[in-house]
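What follows is a set of notes on a single structure, which appears directly below.
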Amino acid sequence: MYNNCCFVMADKIRAVKERSFPHTVEGIKQFYDEWAPTYVKDLTHEGYTAPRRAAETMAKLLSNKHTEIMDMACGTGLVAHELTQVGFNTIDGVDISTESLTISQERGIYRRLICDHIGANELDIKDDSYDGLILCGALGSGHLNLECFPELIRIVKPSGPIIFSVSCKTRDTFDQFKDGNFEADLDELVRKGLWVKEAYELIPDWIFNEAGHQYVYKVV
Ligand SMILES: C[S@@+](CC[C@H](N)C(=O)[O-])C[C@H]1O[C@@H](n2cnc3c(N)ncnc32)[C@H](O)[C@@H]1O
């Protein structure tokens, strides 16, 4: 049993490092369902600092800690845990992986958890519901792409921050993101008047001791 767990862990970490995870919605759901039981332990071991960085950034932007925060693609709840460490206490989450959501539920942190696909589709959430939103570690091939942003903007209140981050490797190698496509798509939403750019930070130790890009946009 112990050995099986180690094989699952080694498999999943290797798949993430080599980008050899499934590249379909169904495949990615199964990938995270299988990984859910050891995900937190595995990624903590791999120096995954991105959730803490995002939560700390949110804390600097929103002084009222009773505001409502959406943890988009929440997985097993690492971001929500970090949000509670900086004082937030009203957090909802969305994810496609039912097994990950079970672990998030067991944390007893979230007010509401929604199992759904995040993309161009409309989520079961009213307009302007949240004071801030974090999307951490979930952009990439088979995962979320930038088509989801108009929907994320819809559910955040005007002036509310949307904090998201992506590993440098993913931004530089995924076809839809590389060669400036990532920034161009974000800029397009600025041109459409949906949000404005607030901040950008290069995080040197985002995961695996490798760097990641963290962005903050504010909803118009
Ligand atoms: C690397 S994990 C990140 C989880 C969490 N945000 C964290 O930082 O630990 C990626 C998460 O995105 C979810 N996911 C990937 N594609 C998705 C989609 N299209 N819709 C909803 N969830 C998705 C996966 O189920 C998984 O929980």
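Nothing in this text is a laboratory measurement; each read-out follows from the coordinates by a stated rule. What you see is a predicted model; the values in this text were computed from it and never measured. Don't worry about glycine lacking a Cβ; one is built from the backbone with ideal geometry, like all the others, and counts go over all protein chains shown.
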In percent, what relative contact order does the stretch 2-158 have, based on Cα pairs under 8 Å that are 6 or more apart in sequence? 23
For the chain, modelled as a GNM with alpha-carbon contacts under 10 angstrom, which of 73, 120, 199 fluctuates the most? 199
If each of residue 173 and residue 201 carries a label point 7 Å out from its Cα toward its Cβ, how far apart are those two points in nm? 2.6
Using label points projected 7 Å from each Cα along Cα→Cβ, tell me how many nm separate residue 194 and residue 111, to one decimal. 2.4
Amide H neighbours of residue 114 under 5 Å, counting only residues 5+ apart in sequence or on other chains, H built in-plane at 1.01 Å? 93, 94, 95
Burial ranking of peptide ranges 85-98, 39-52 (average Cβ count within 10 Å, highest at the top): 85-98, 39-52
Over all distinct alpha-carbon pairs, what is the Kirkwood Rh of the stretch 77-220 in angstrom? 15.9
Take each of the peptides 56-62, 169-175, 20-26, average the number of other beta-carbon atoms within 10 Å over its residues, and list them starting from the highest. 56-62, 169-175, 20-26
Tell me, what is the FRET efficiency for residue 120 and residue 45 to the nearest 0.05, using R0 = 45 angstrom and their Cβ-Cβ distance as r? 0.80
Compute the length gained on full extension between residue 154 and residue 208: take 0.36 nm times their separation in residues and subtract their Cα-Cα distance, giving the result in nm to one decimal. 16.1 nm
